[in-house]
Structures are given as structure tokens and as C-alpha cells.
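A.B. asks: Right, I'll just put the structure down here and ask away after.
Quick note: the coordinates plus some simple rules give every number you see, no bench work behind them. No experiment lies behind these values; they were computed from the predicted model shown. Glycine also receives a Cβ, built like all others from the backbone with ideal geometry; neighbour counts cover every protein chain displayed.
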Amino acid sequence: MTDAGLSGGYATTYSGYDQAGNVTQYSTAVYDGSPYTNTYTYTHERYEGYREKTLSGTSTALDPGQTTYQYDVNGNLIGVVDSKDSSKNQTLVNDANGKILQRVQNGQTIRSLVVNGELMGTTGPAAGADDFSPSFRPIDGGNPSASPGSYRIQAGGRAAKPIACRREKLDLGPPNCLTPTHPPATPFLMHYLFRPIKHLYPIREWALERGAEMRMAPETYEMSLQLNDRKVVLIPRFVREEEGRIVYHRDMSADGNFIGWMPYAVKSWALSNDKRAFKDYAVANGLRVTASWTEGAHLAPDYIVKPAVGSFGVGIRGPFGPLAPLDADVELAEGEFYEQFIRGRSAKAWFWNGHPVALEVLTPPMITGDGRRSLREIAAQPRGNFDVALNLDESVQILAWQGVDLDSVLPAGMEVMLDYRYMTPYDRVTVTNRNVWRSVSPEIAGQFSYAGQLLYRGIDAAVRRNSVFTLDAVIDSEDRVWLLEMNSHPMIHPGVYPHMLASIFGEAA
């Protein structure tokens with residue numbers, strides 16, 4: 001392919017493409033004056049999409065050079081290195097959504113203020129006079145209205161105004177704080193897993209690389225892929241809220257939420273149907289699980305009450321412990337059991353055929369005392385234009401377990417947990433991929449990998465082959481993974497698709 005210059009003084013020829021259609025090489029021949037030819041070669045790295053990794057240039061008249069682009073685990077640009085001119089090198093800092101907060105080049109720094117994804121303004125020598133949106137209000141004697149004693153850098157690297165609630169993260173994930181009118185914790189908060197484009201894109205990339213044909217039926221959301229003489233139909237999954245419960249559905253509806261495609265409709269097995277059966281199998285195979293019991297003396301000082309059947313944290317009560325015991329007159333309902341409570345980070349791992357392919361690790365939301373106000377007052381007081389109030393009613397029990405209540409005044413800097421579940425009422429809507437499988441410590445990765453293979457063997461042989469499942473777990477302060485339960489019908493993480501498709505189509509090879 002050749003593009004001729006408008007003046008007729010040059011011609012550009014594209015001579016290289018990869019299987020995904022990315023340009024890998026082109027050359028520009030210049031005819032004006034002394035003729036010469038520049039040749040440019042690209043390499044790419046694959047994240048959710050493709051990113052340029054290097055751009056190398058050679059010439060019949062000019063010196064060669066190369067620009068290298070550096071990215072974080074999400075594919076956000078964090079550095080540019082020019083082999084010929086170091087003044088063009090750049091270092092960038094992004095927020096959790098990939099928005100550039102700081103750019104350093106040739107000794108000059110430009111900073112940006114981004115709020116809810118909107119660029120409010122920039123400041124720095126290269127930006128000239130500071131330029132901020134009219135809706136931005138600087139901090140002064142009247143803003144924020146309640147003056148706290150310190151500033152916090154929120155998870156994700158954002159320099160922000162003081163905020164009393166946060167949810168830390170392991171490498172990925174934004175801070176979590178929402179309004180008091182926010183509904184109870186539901187999976188609908190996790191917008192990344194509910195965005196069809198995030199599911200469609202990895203399937204599209206897989207198909208393009210292999211020359212597979214893909215079709216989607218808009219009336220049903222079914223996806224079909226054909227590679228050579230092998231055709232696979234992917235069946236969509238949906239969930240919706242009914243009478244306060246989250247229910248899986250096969251058919252698309254106006255009030256439903258898409259949760260991914262699978263090559264089968266439904267699979268289930270004993271280890272995923274009953275949490276007690278899962279624990280028995282895990283213990284028998286030497287896996288670390290939280291203790292459980294239904295009668296007699298408590299096996300652990302801290303515990304929760306959990307139903308043996310169910311998903312999305314429905315029906316869980318607690319935690320209970322020495323400072324907040326369960327009422328002695330309260331009996332377990334049919335199907336309930338006591339489970340040891342471990343303080344730590346909540347984790348969810350996705351497996352395909354027993355191999356881990358995605359992992360989310362979330363630190364519990366915390367609230368910090370200031371030595372002056374009660375927890376109720378701190379939560380109810382917005383701290384500036386872009387902050388929100390919080391309703392802590394959902395946290396009464398876990399606060400009591402820690403020996404405090406809504407009216408407690410904590411010493412300045414002291415933190416307490418607001419929730420322990422994978423999904424909480426304080427979670428912020430996020431479109432960020434929170435998958436940390438590639439960056440998690442080897443110790444944690446090894447425990448999930450080992451557990452996945454053992455639990456895969458425990459799946460009924462009739463349905464074992466080509467199956468997805470998730471493991472819920474708690475990771476304690478020593479990086480020990482405590483397994484909680486197994487789910488055979490989970491929301492699908494987009495990281496599953498490349499492994500799923502390779503496995504299914506590989507059978508036909």
C-alpha cells in the first residue's frame with residue numbers, strides 16, 4: 001500500500017502488518033532535493049488492546065534512532081525513552097482509570113487534577129498560567145467546610161483532598177466511598193465485569209489472530225466462532241435483582257446485567273453446591289480453609305454465621321467475637337453453620353480447567369479517627385466539593401466486633417474496618433481491570449495454583465472437562481490464603497476467554 005504526498009515530493013509504503021492488523025513497518029521515500037528514504041519499524045505489546053512498545057527508525061541519510069514506550073500492568077503509558085534525545089524522555093503518573101496526573105519531561109513537571117474522570121485543570125511551567133475548570137474550588141478558609149488535620153494520598157496514586165473512607169488495593173483498584181443512599185452491596189457495582197466491550201474485546205483479539213469468524217446475535221446475545229471446520233457457540237449469562245436477591249438468568253431482559261459468555265449453559269457439582277462439602281474435601285486434601293462447625297464450643301474466638309448454600313454474600317451475619325458475641329438465645333437456622341473469621345484481604349480467583357487465569361485482591365474499606373469527632377460525624381461530613389457522606393448502618397456489627405460504635409471518638413490516625421466482604425456498600429463503581437494475577441507475590445500465586453489443581457480433580461468427571469470456577473478466599477497479613485468456597489456458575493472475568501477458546505478449539509487440532 002502506498003500513499004503519495006500531496007506535493008508529489010514523497011511516497012509512503014506500508015510493508016508490514018501483524019496478524020491483528022497492526023502496522024509493523026513502513027517507509028517514506030523523499031524526492032525533493034537529495035532523495036533519501038526513512039524506514040520505521042514498530043513492535044507491540046498486548047494488554048486489553050495493543051500498545052506500541054518500540055518505534056525504530058533508519059534512514060539512508062539520517063542517523064538511526066529508537067523510541068521505547070513503557071506501560072504499567074493495565075497498559076497505561078508510564079514512560080517514554082528516546083535513544084537520541086534525552087530531553088524528550090517522559091515519566092508519567094496515572095490514576096486508577098488511566099488518566100494522566102503528572103508528566104515530567106526535561107526537568108519540567110506538569111500536574112493535572114482529575115475528578116470523576118474529568119480533567120479539572122493543569123498546572124506547571126510548561127502549562128503556562130494554571131488553568132482550572134470554573135467548577136473547581138481551591139482549598140481555603142471556607143473550603144472544605146470541616147478542616148481535618150492531615151491529607152491523604154489515595155490508593156491509585158491520586159493526590160486528593162482529605163477523605164475519611166478508603167479502600168486500599170493491591171496494585172489495582174480505586175478507593176471506595178459512596179453516598180448514604182447507595183443500595184446494599186450487589187455485583188452491579190463492579191462495572192468492569194458488566195461492560196460487554198470488556199468481554200467482546202479479548203474474544204475479538206483471539207479471533208483476529210487466528211483468522212476465526214465470529215458472529216453475535218443481537219436478539220439473544222449468543223456469540224458464535226468458527227475456525228476451519230470447528231464451530232463453537234458461546235452462551236450469554238445475565239443476572240438481575242429480584243426481591244432483594246441476585247438471580248442468574250439465561251435470557252436477556254431490560255433490567256438484567258450481562259456477566260459473560262460460556263460454551264455451556266450451566267454446570268454444577270457437589271463441591272460448589274454446598275460450602276460444607278467444599279470444606280470437607282479441602283481439608284481431606286490438605287488445603288487451608290477456615291474452620292467450620294454447627295454445635296458445641298466455638299472452634300475459634302472470631303466467627304461469622306453463613307448459609308451452606310448461596311452466593312453474593314447473602315445471609316451472612318457477623319463477625320462475632322469476645323467484644324461482640326452472638327446472643328446465646330440465637331440458634332442456627334436450617335442450613336447455617338459457624339465459620340472462623342480471618343481478618344485480611346478478600347480475594348476472588350477465576351480458574352479454567354483448574355488453572356488460575358485472573359485474581360482480584362481487595363483490602364477492606366477503613367475509616368480513620370481524628371481524635372475529635374465520632375465515626376458517625378466523620379462519615380456524615382463531606383470534606384469538599386468532590387467528597388460524599390457515608391451511612392455506616394451496615395457496619396454496626398463489625399464496629400462492635402472491634403470494640404467501637406458509631407458514636408466512638410477514635411484517636412487521631414486510628415483505623416477500623418467497615419466491612420470484610422468481597423462486595424460492600426462502600427465500593428465505588430469501577431471500570432478498571434482489578435486483575436492482579438500477573439503481579440501478585442509468588443507465595444500467593446503458588447497457593448492458588450496448587451488449590452486449583454486439587455479442586456479441579458474434585459469436580460464430577462462427567463462435567464469436569466472445559467469448566468470455569470472461582471474460589472473465594474481471605475489472604476491474611478502473612479500472605480496465607482484461607483479458602484472459603486467454590487462457585488461453578490460465576491460472573492466471568494474477561495481474562496478467562498483466551499484460555500477458554502484455546503482449550504476448546506485446541507481439542508479439534
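A.B. asks: Output ³J(HN,Hα) for the range 409-421: one whole-Hz value per residue in order, computed from phi by the Karplus curve 6.51 cos²θ - 1.76 cosθ + 1.60 with θ = phi - 60°, and x for Gly and Pro.
C.D. replies: 9, 7, x, 4, x, 6, 10, 9, 6, 9, 6, 10, 7
A.B. asks: Can you give the extra length, in nm with one decimal, that the chain gains between residue 381 and residue 405 once fully stretched, where that is 0.36 nm per residue apart less the Cα-Cα distance?
C.D. replies: Computed gain between residue 381 and residue 405 is 6.9 nm.
A.B. asks: Please state the shape class of the range 361-506: rounded when a/c is under 1.5, otherwise prolate if a/b exceeds b/c and oblate if not, all from the C-alpha gyration tensor.
C.D. replies: Because a/c hits 1.5 or more and a/b exceeds b/c, the range 361-506 counts as prolate.
A.B. asks: Starting from the Cα of residue 329, step 7 Å along the direction of its Cβ; do the same at residue 210; then give the gap between the two resulting points in nm.
C.D. replies: The answer from the label model is 6.3 nm.
A.B. asks: Computed FRET efficiency, Cβ-Cβ of residue 443 and residue 300, R0 22 Å: what is it to the nearest 0.05?
C.D. replies: Efficiency computed from Cβ-Cβ geometry: 0.40.
A.B. asks: Which ³J(HN,Hα) values in Hz, rounded to whole numbers, follow from the phi angles of the range 343-360 under the Karplus curve 6.51 cos²θ - 1.76 cosθ + 1.60, where θ = phi - 60° and Gly and Pro get x?
C.D. replies: So the J values, rounded to whole Hz, are 7, x, 8, 7, 9, 9, 10, 9, 10, 10, 6, x, 9, x, 10, 7, 8, 10.
A.B. asks: Still on this structure, please answer the following. Taking amide H positions as placed in the peptide plane 1.01 Å from N, state which residues far from residue 238 in sequence (5 or more) or on other chains have amide H under 5 Å from it.
C.D. replies: Here the answer is 249, 259, since their amide H atoms fall under 5 Å of that of residue 238.
A.B. asks: Tell me the label-point distance for the pair residue 396, residue 478, using the 7 Å Cα-to-Cβ offset, in nm and rounded to one decimal.
C.D. replies: Result: 3.6 nm between the two label points.
A.B. asks: Tell me which of 430, 363, 404 sits at the most positive position along the dipole axis of the range 352-450, charges placed on C-beta atoms (Lys, Arg +1; Asp, Glu -1).
C.D. replies: 430
A.B. asks: With the crude spin-label approximation of a point 7 Å out along Cα→Cβ, what separation in nm comes out for residue 22 versus residue 466?
C.D. replies: For the pair residue 22/residue 466, the computed spacing is 2.9 nm.
A.B. asks: Could you list which residues have their amide H under 5 Å from that of residue 24, counting only those 5 or more apart in sequence or on another chain, with H placed in the peptide plane?
C.D. replies: Hits under the 5 Å cutoff: 16, 17, 18.
A.B. asks: Here's another thing I want to ask about it. Could you state the number of Å between the C-alpha centres of the range 293-309 and the range 85-114?
C.D. replies: Computed from Cα coordinates, the inter-centre distance equals 51 Å.
A.B. asks: Given a Förster distance of 56 Å, report the FRET efficiency between residue 97 and residue 34 from their Cβ-Cβ distance, rounded to the nearest 0.05.
C.D. replies: Efficiency computed from Cβ-Cβ geometry: 0.70.
A.B. asks: Further, regarding this structure: Against the globular-protein guess of 2.2 N^0.38 Å, express the Cα radius of gyration of the range 221-376 as a ratio, rounded to two decimals.
C.D. replies: 1.36
A.B. asks: Per residue of the range 445-451, in order, report the coupling 6.51 cos²θ - 1.76 cosθ + 1.60 (Karplus, θ = phi - 60°) as ³J(HN,Hα) in whole Hz, putting x for Gly and Pro.
C.D. replies: 4, x, 5, 5, 4, 5, 5
A.B. asks: What's the extension gain from residue 277 to residue 252 if we count 0.36 nm per residue and subtract their Cα-Cα distance?
C.D. replies: My answer for the length gained is 5.7 nm.
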